[in-house]
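*Asks:* Supplied in structure tokens, the structure appears directly below.
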Amino acid sequence: MFTHVLTIADQARAVGRRFGLWAVLGLLVGLLAGCAAGPRVPDWQIEAHGAQQRAIRAELEGRQRVAELEWQRALEAAQRTARADQMARLALSRCAVAQASLDLAERCEAAQPVLPRAGAAEQAYARYLLGQAQAADLEWLPSAHRPTARRLLEPAAAGEAVALLRAIDDPLARLVAASVWLRAQRLDPEALALAVQTASEQGWRRPLLAWLRVQVDMAQRRGEAELAAAAQQRIEWLLAAPAAPATPATPARSGP
């Protein structure tokens, strides 16, 4: 799996509750494990974790220049391990955050050079992001994403997405899952509204803008002029709002 093994089960549960899929993506769990009695946490892990958190916050807030710098710092730290799994996890983390804002590239290009030498968990997650998870991938996926992956292997049904998305407590993981439903062309209006609500509640400018634009398009295609106009008004308000200040990042509550 993506997680490192902790010697105390309660620590693992606490990490999952607080940080969601940060633990799944590997860097943060090792960092927090070092707070307990045990070996000193490697410098690269501390540096990668800090840069990764700052990058995710900046990207969700729409501060792309800051995000790019922090992702590069995190990558440089992970590269010092010369380990395919660590570099793949970081690349997949970045792709998942971008996908939460509907940057739907054909595949996670940054992970491709190292993915063949990474583990089954990394390869399964890469397929999942593309909406191409296989039955054999389910055991390797983060627990929050298994229901979505499992359901997408089955025939489509009305109202299938919204209940599964609502069951995902972590807001960033929920948006990532919603993007997978969208890739699979099985995201219905109710699930789309939940994605918009999730991004709005967090004040995440970049994903909110992307999901609102999808809502405008879907509402227009369905002949729902009032909903389309309301979503367009929200886009205009969002574009008129000042950018988030570049303040020091607080610990992230969520992850892909």
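*Asks:* For segment 206-218, indicate whether the set of residues that are closer than 20 Å to ALA144 by Cα, of a type in the set (Phe, Trp, Tyr) and assigned to a helix (DSSP H, G or I) is non-empty.
*Replies:* There is no residue in segment 206-218 that is closer than 20 Å to ALA144 by Cα, of a type in the set (Phe, Trp, Tyr) and assigned to a helix (DSSP H, G or I).
*Asks:* If you go through segment 221-235, how many residues are loosely packed, with under 11 Cβ neighbours inside 10 Å and outside any loop (DSSP other than H, G, I, E, B)? Outline the logic, then answer.
*Replies:* We begin by selecting, within segment 221-235, every residue loosely packed, with under 11 Cβ neighbours inside 10 Å; these are 221, 223, 225-226.
This time we only want the ones that are outside any loop (DSSP other than H, G, I, E, B), so: 221, 225-226.
Count: 3.
*Asks:* Let me ask something else about it. Against the condition modelled with pLDDT under 95, surrounded by 19 or more Cβ atoms within 10 Å (Cβ to Cβ) and over 30 Å from LEU182 (Cβ atoms), how does LEU32 come out, does it pass?
*Replies:* It is true that LEU32 is modelled with pLDDT under 95, surrounded by 19 or more Cβ atoms within 10 Å (Cβ to Cβ) and over 30 Å from LEU182 (Cβ atoms).
*Asks:* Sort out which residues of segment 83-106 are part of a loop (DSSP other than H, G, I, E, B) and not aliphatic (A, V, I, L, M), and write them in order of number.
*Replies:* Answer for segment 83-106, where residues must be part of a loop (DSSP other than H, G, I, E, B) and not aliphatic (A, V, I, L, M): ARG83, SER101, ASP103, GLU106.
*Asks:* Can you confirm whether segment 47-66 contains a residue that is surrounded by fewer than 18 Cβ atoms within 10 Å (Cβ to Cβ) and closer than 22 Å to GLY203 by Cα?
*Replies:* yes
*Asks:* Would you confirm whether or not segment 125-144 contains a residue that is more than 30 Å from LEU194 (Cβ to Cβ) and free of Cβ contacts under 8 Å to residues at least 24 places away in the same chain?
*Replies:* Among the residues of segment 125-144, not one is more than 30 Å from LEU194 (Cβ to Cβ) and free of Cβ contacts under 8 Å to residues at least 24 places away in the same chain, which makes the answer no.
*Asks:* Still on this structure, please answer the following. Out of LEU182, LEU187, LEU138, LEU192, report the one residue that is in contact with a Gly (Cβ under 9 Å, 6 or more places away or on another chain) and of a type outside the set (D, E, K, R).
*Replies:* LEU182
*Asks:* Quick one: in segment 68-118, of everything that is among the hydroxyl-bearing types (Ser, Thr, Tyr) and surrounded by 15 or more Cβ atoms within 10 Å (Cβ to Cβ), which residue is nearest to PRO42 (Cα to Cα)?
*Replies:* So the residue we want is SER93.
*Asks:* Considering segment 169-202 alone, what residues qualify as being touching a residue at least 60 places away in the same chain (Cβ under 8 Å), part of a helix (DSSP H, G or I) and among the charged types (D, E, K, R)?
*Replies:* If the condition is that a residue be touching a residue at least 60 places away in the same chain (Cβ under 8 Å), part of a helix (DSSP H, G or I) and among the charged types (D, E, K, R), then ARG183 is the only one that fits.
*Asks:* Separate question: Can you tell me which residue is farthest from the chain's Cα centre (by Cα) among those in segment 145-165 that are assigned to a helix (DSSP H, G or I) and more than 17 Å from LEU182 (Cβ to Cβ)? Reasoning before the result, please.
*Replies:* The initial filter retains those residues of segment 145-165 that are assigned to a helix (DSSP H, G or I), namely 145-152, 160-165.
Subsequent filtering for residues that are more than 17 Å from LEU182 (Cβ to Cβ) retains 146, 150.
Working: ARG146: 14, ARG150: 18 Å.
Looking at residues that are assigned to a helix (DSSP H, G or I) and more than 17 Å from LEU182 (Cβ to Cβ), I get ARG150.
*Asks:* Follow-up. When segment 220-247 is examined, which residues are found to be β-branched (Val, Ile, Thr) and modelled with pLDDT under 95?
*Replies:* Scanning segment 220-247 gives a single hit, THR247.
The values are calculated or read from the model by the stated rules, or taken from the named source; none is laboratory data. Source: prediction; values computed, not measured. Note: ideal-geometry Cβ built from the backbone for every residue, glycine included; neighbour counts use all protein chains shown.
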